[in-house]
Amino acid sequence: MIIVLADDITGAAEIAGIAHRYGLRAMLSLHGIIPHCDADVLVVASDTRSYTAEEAEQTTAGLTRRICAAFPGIAATHILFHKTDSALRGHVAEELRAMTENSPYASALYMPANPSKRRTIRDGIYRIDGVPITATPFSSDPEFPALTDNVSERFPGITTADAVTTEDVEAIVSRHLSDATRRSTVLLAGAADLFTALVEQTFSLPHATPAPFAGLPREASMIVVRGSTLSRCADLGIPVSDMPYGVFNATSPLHEWTTPLADIYRRQMQRRGRRGMVIAIGEKELRKGREVAVYLRETMAEACRTLLDTALPDELVIEGGATAFAILRRMPWHTLSVTDEIAPGVVRCKPLYSASDNKQPDIHITLKPGSYEWGNIWK
């Protein structure tokens, strides 16, 4: 079994989607629950990317200890993998330290490059589409701005590797798995391409691509949450409600947005054809800082919960990892199974059961990182 600890929910869903692509049994676990299961891949989603560095280290240490206790064969019969962001965001140093200090692994190899998405590292310099990361929008990320292009400068003391092609990534994994000492003492950490190579070589599987997705049913009711500042979405023919400036700036109470929002949504759910709402931060001047980021995602989550409490839709589509975690934290859904990989990183899931009544909710949840493409999700 491969057990993955992911630092955000959309990263966790991406990994579960890759396992699904290869026909493996995958389970996505929420709320810090470590289930006893016989899946091929268990993905444990945390939200540590949204925490302070100290909180992230403590949370990761606790989850690592619980994973090792639940699966005693870690580093022997089981593989532990740490999924991190492919754009260098997150508390990488603190989390790798927490995992190596609380597991059989003595050190870590951090490989965040994703050549399949044109995110590469050459001579230690991280580039997206050939452009150094400091010249991309990630330089103004509100929580983890890219202030240097050099991966070793950003994460001093952490072992990293260059990767310009997927073959480079595959070679790194091959060297890792073929050396028994390295496999049992070095923790692999990084992005989706690294995990893909690990899956292919661990389970001896040929390369696979996502199965074609026909789009969400046109007759389905839906809530679409655009919780990322990088968000772009097609015109779906349903109302779009941007967060009002007063709520955005925390000068007006949330109910000034959510009360009329719920009324519009209630009327929408009585229509025929495509029904629902899109809620979004909207195109506003970006406010920076961790406190602002926390406020915005929690506000979006509360707005979404207002709609979910009004009526459960057929489809809940959430863009942005921190926002998705904030929403799901408010829901009684602890485990998800992947039903569709719509596109790399865009994954459609179904809750296995509700903790409140132990029944499977009649809803699908699609999770999408803010910087990824939608794929063929809309009919």
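The values are calculated or read from the model by the stated rules, or taken from the named source; none is laboratory data. Model, not experiment: these values are computed from the prediction. Cβ: placed from backbone, ideal geometry, glycine included. Neighbour counts: every protein chain shown. Protein only, heavy atoms only, side chains kept; ligands, DNA and RNA dropped before computing areas. Shrake-Rupley method; radii C 1.70, N 1.55, O 1.52, S 1.80 Å.
All of 319, 373, 315 fail the test of being in contact (Cβ under 8 Å) with a residue 12 or more places away in the chain and surrounded by fewer than 16 Cβ atoms within 10 Å (Cβ to Cβ), apart from 373. Among the residues of the range 358-365, are any open to solvent by less than 10 Å² (accessible area, probe 1.4 Å) and modelled with pLDDT of 90 or more? Checked the range 358-365: at least one residue is open to solvent by less than 10 Å² (accessible area, probe 1.4 Å) and modelled with pLDDT of 90 or more.
When the criteria are applied in full, residue 191 meets the requirement of being modelled with pLDDT of 90 or more, of a type in the set (A, V, I, L, M, F, W, C) and open to solvent by less than 10 Å² (accessible area, probe 1.4 Å).
The combined condition, being among the acidic types (Asp, Glu), within 22 Å of the chain's Cα centre (by Cα) and in a strand (DSSP E or B), is fulfilled by residue 341.
Is it true that residue 172 is of a type outside the set (Gly, Ala, Ser) and at pLDDT 95 or above? So residue 172 passes the test. Within the range 70-82, the set of residues being at pLDDT 95 or above and either in a helix (DSSP H, G or I) or open to solvent by less than 10 Å² (accessible area, probe 1.4 Å) (or both) comprises 80, 81, 82. Among the residues of the range 324-337, are any open to solvent by less than 40 Å² (accessible area, probe 1.4 Å), farther than 16 Å from residue 47 by Cβ and modelled with pLDDT of 85 or more? Yes: the range 324-337 contains one or more residues that are open to solvent by less than 40 Å² (accessible area, probe 1.4 Å), farther than 16 Å from residue 47 by Cβ and modelled with pLDDT of 85 or more.
Which one is farthest from residue 262 (Cα to Cα), of the residues in the range 306-339 that are aliphatic (A, V, I, L, M) and out of contact with any helix residue (DSSP H, G or I) (no Cβ under 6 Å at 6 or more places or on another chain)? Among them, the one singled out is 336. In summary, residue 56 fulfils each of the numbered conditions (1) within 16 Å of residue 365 (Cα to Cα); (2) open to solvent by less than 10 Å² (accessible area, probe 1.4 Å) with the single exception of condition (1). Look at the range 169-190: where a residue is without any contact (Cβ under 8 Å) to a residue 24 or more places away in the chain and a partner is assigned to a helix (DSSP H, G or I) and open to solvent by less than 60 Å² (accessible area, probe 1.4 Å), sitting 6+ places away or on another chain with Cβ atoms under 9 Å, you get 171/197; 182/176. If you go through the range 276-294 and keep only what is over 21 Å from residue 333 (Cβ atoms) and at pLDDT 90 or above, you end up with 278, 280. Return a yes/no flag: does the range 233-247 have any residue that is among the small types (Gly, Ala, Ser), open to solvent by 10 Å² or more (accessible area, probe 1.4 Å), touching a Pro at 6+ places or on another chain (Cβ under 9 Å) and without any contact (Cβ under 8 Å) to a residue 24 or more places away in the chain. Yes, the range 233-247 has at least one match. Within the range 25-53, restricting attention to residues that are among the acidic types (Asp, Glu) and modelled with pLDDT under 90, the residue that is surrounded by the fewest Cβ atoms within 10 Å (Cβ to Cβ) is 38. Is one or more of the residues making up the range 198-207 surrounded by 13 or more Cβ atoms within 10 Å (Cβ to Cβ) and of a type in the set (Gly, Ala, Ser)? For the range 198-207, residues surrounded by 13 or more Cβ atoms within 10 Å (Cβ to Cβ) and of a type in the set (Gly, Ala, Ser): absent.
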